[in-house]
1. Do you know the relative contact order of the chain, to the nearest whole percent, from alpha carbon pairs under 8 angstrom that are 6+ apart?
2. Any chance you could tell me what percent of the C-alpha pair distances in the chain go past 36 Å?
3. Of 260, 165, which has the most accessible area and how do the rest follow, probe 1.4 Å?
4. Expressed as an acute angle from 0 to 90° and rounded to the nearest 10, what is the orientation of the C-alpha long axis of helix 385-400 relative to the principal long axis of the chain?
5. Net charge within 13 Å of residue 41 by Cβ-Cβ distance, Lys/Arg positive one each and Asp/Glu negative one each, not counting residue 41 itself?
6. Got a number for carbon plus sulfur as a percent of the stretch 307-421's accessible area, 1.4 Å probe?
7. For residue 407 paired with residue 361, estimate the spin-label separation in nm (one decimal), with each label point 7 Å from Cα along the Cα-to-Cβ line.
8. Using a Gaussian network model of the chain whose springs link C-alpha atoms within less than 10 Å, name the residue from 189, 76, 326 with the highest mean-square fluctuation.
Amino acid sequence: MVLKSKSILATLATTVALTTGAFADGHAKLSGDLTIFSDMSNPAPRAVMEGMVERFGAMHPDLNIELTVIDREAYKTQIRNFLTANTPDVANWYAANRMKPYVDAGLFEDISDVWESDELSGLASTKGAMTLDGKQWGVPYTYYQWGVYYRADIYKELGLNEPASFDEMKSNCQAIIDSGRKCYTIGTKFLWTAGGWFDYLNMRTNGYDYHAKLTGGEIPWTDDGVKATFANWRELIDMGAFIDNHTAYSWQESLPFIVSGDAAAILKGNFAVPPLREAGLDDSKLDFYQFPAINADVELAEDAPTDTFHIPSGAKNKEAAKAFLKFVVSAENQTLINNGDNLGQLPVNANSSVDDDKFLQEGFAMLSSNSPGGVAQFFDRDAPAEMAKVAMEGFQEFMVKPDNLDKILDRLDRAAKRIYK
């Protein structure tokens, strides 16, 4: 539910205050101004952000909170400017390598002391994504699983099971192709979608640590391990696994292929579920499986992009900012904002309740009990922005012209030597 009524918000704020009494009573009274800049500009996330501000404000009536919501794409180009001038007290961003430039530039506050408090004891699984140089630089507020969403009715029609190995995945794919369908829909007009395929194929071929070293500039793109990843990818391409003309489609524009049954599956984050449901794929037709193992010697790792809040080093009200971050990650708030009627994603606090939604339950189980290899943030978050752009251009080119692989890898390797130096 999206809460907009002030009377309802006040009631909920009282409930939150009571259930987190130790937090409310154990901290100094907050006052002054708290300025928050947010990129949660789409309707549902914006309502969530506004709801959090109102509930936190009701808990601290002497605090004046000013929320500025900026279009998500514009936010990415503006963040460095507002972190150095007109600095807010709290700002949205992303975990892992995406926060590194601002940590290295001294623009994000070290909040390791916040992580030492009892309020964050349930966030152990995400602590690594917020840690650089042994210190913590923000808090997560939501994350979500990636995996293969597939047409269960088509699999049933063809007598297929969820694959437990890459060989079974390819065998299923051949049966789907033989039935006159494509195995996977994808839209690579915006390059990041191909990044998801590279992430999974590389982590399943070489493991999380190798993948992290590659995106961190420690392994050359001409390495045999990288070539093995592309060889696995090429098997799918040569089979005709992917829809034709995918460079002409965004990911949203690629969804009609799975809705119509012209493609049987899509590798995507859980954000694809609402539009697929709205298009008529109820839970009897749509299902989910974890991307299967390729190399039995590497543990399964997953993409689980994590969105975050940070305190800029130039913040003027750091006391209130830290209190807000603790509120954001509280078990009660995490349960509320991530439920199916709000963000529809996974709470970062292990003490929260997961919404009674088929795909959220499956994602929570997968990430909490069957991703021993680690959790990646997604290619364009784990690699520096310039490297991510060059590499994802290469991924798209490879999907269309796989014979260009050697030229692509040489180009990526030259770019890496320049970018990472």
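The values are calculated or read from the model by the stated rules, or taken from the named source; none is laboratory data. None of the values given here were measured: they were computed from a predicted structure. Every residue, glycine as well, gets a Cβ built from its backbone with ideal geometry; the counts of neighbours run over all protein chains shown. Remember, those area values only see protein heavy atoms, side chains included, never the ligands or the DNA or RNA. Shrake-Rupley method; radii C 1.70, N 1.55, O 1.52, S 1.80 Å.
1. Values: 705 pairs, mean separation 105.0, N = 421.
Relative contact order of the chain: 25 percent.
2. On the way: 24590 of 88410 pairs.
Counting pairs separated by more than 36 Å, the tail of P(r) holds 28 percent.
3. 260, 165
4. Approximately 30 degrees, to the nearest 10.
5. -2
6. 46 percent
7. 5.1 nm
8. Largest GNM mean-square fluctuation: 76.
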